[in-house]
Amino acid sequence: MSKHIQTQTEWEQTMARRVMEQLRGELYLDQRYLTAALGALPPAPQQGGGSFATDGGRLYYPTAWLLDTYRKNRRYLPRAYLHSLFHCIFRHLWLRDKRDPDLWGLACDIAVESMLDDMYVKCIRVAPTPFRRDWYGRLHAKLTVLNAEGVYRVLKEEQLEPRRLERLAAEFLVDDHSFWDLPGDSPKTP
């Protein structure tokens, strides 16, 4: 009986699965309190894309992006994984209602990143940039807690020009929110 020789695609899929297992294991060890949440969001490969994405039931990863990122900046991945998981924990996917989808996504990303920046966990720790620190200070001047709803309200009130919003997105965007468009799942916005 001859042994099957993996194709390049099969090998990449196997390696990507192993990377995802390694990331989950690392997060399990560093943050045991997230065991149930990590187990509730199983990883799944997807075709195309350039980041993690979630629909609340799975954490999707593009194989090519995952392997390329692992080679170039392996430390980025546990934080990005946790970023997507926090969107689910805080129900960002389901609370948008009639809010502007792009502004809501940005507000959710800022809220999650501020929380991650405040955590002193080795596997996700990255020093916040001066731009981030400035924005956190501006937001804290108006909000006690940087949650998505409050950040959204401040961003809406400030009516930032498109160039400023693009700069914020470039700084805080981590994952793909395209799976968030789930009609009928959002409770009414107060």
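The values are calculated or read from the model by the stated rules, or taken from the named source; none is laboratory data. What you are looking at is a predicted structure, and each value in this text was computed from that prediction instead of being measured. Cβ placement follows ideal geometry from the backbone for every residue including glycine, while neighbour counts extend to all protein chains displayed. Note: accessible area is taken over every heavy atom of the protein model, side chains too, but ligands, DNA and RNA are not part of it. Shrake-Rupley method; radii C 1.70, N 1.55, O 1.52, S 1.80 Å.
Is there a residue being of a type in the set (S, T, N, Q), part of a loop (DSSP other than H, G, I, E, B) and farther than 30 Å from residue 73 by Cα anywhere in segment 118-140? The answer is no; no qualifying residue exists. From 173, 155, which residue is farther than 30 Å from residue 24 by Cβ and surrounded by 13 or more Cβ atoms within 10 Å (Cβ to Cβ)? Answer to the selection: 155.
Taking the listed residues 152, 120, the one that is touching a helix residue (DSSP H, G or I) at 6+ places or on another chain (Cβ under 9 Å) and aromatic (Phe, Trp, Tyr) is 152, with no other qualifying. Count of segment 1-32 residues, restricted to those that are closer than 14 Å to residue 62 by Cα and either surrounded by 15 or more Cβ atoms within 10 Å (Cβ to Cβ) or within 16 Å of the chain's Cα centre (by Cα) (or both), is 6. Elements of the type helices (runs of 4 or more DSSP H) sitting completely within segment 33-117 and holding at least 3 residues that are open to solvent by 40 Å² or more (accessible area, probe 1.4 Å) and either farther than 17 Å from residue 13 by Cα or touching a residue at least 40 places away in the same chain (Cβ under 8 Å) (or both): these cover 35-40, 63-73.
When the residues of segment 69-96 are filtered to those that are under 21 Å from residue 178 (Cβ atoms) and among the hydroxyl-bearing types (Ser, Thr, Tyr), the one that is nearest to the chain's Cα centre (by Cα) is 84.
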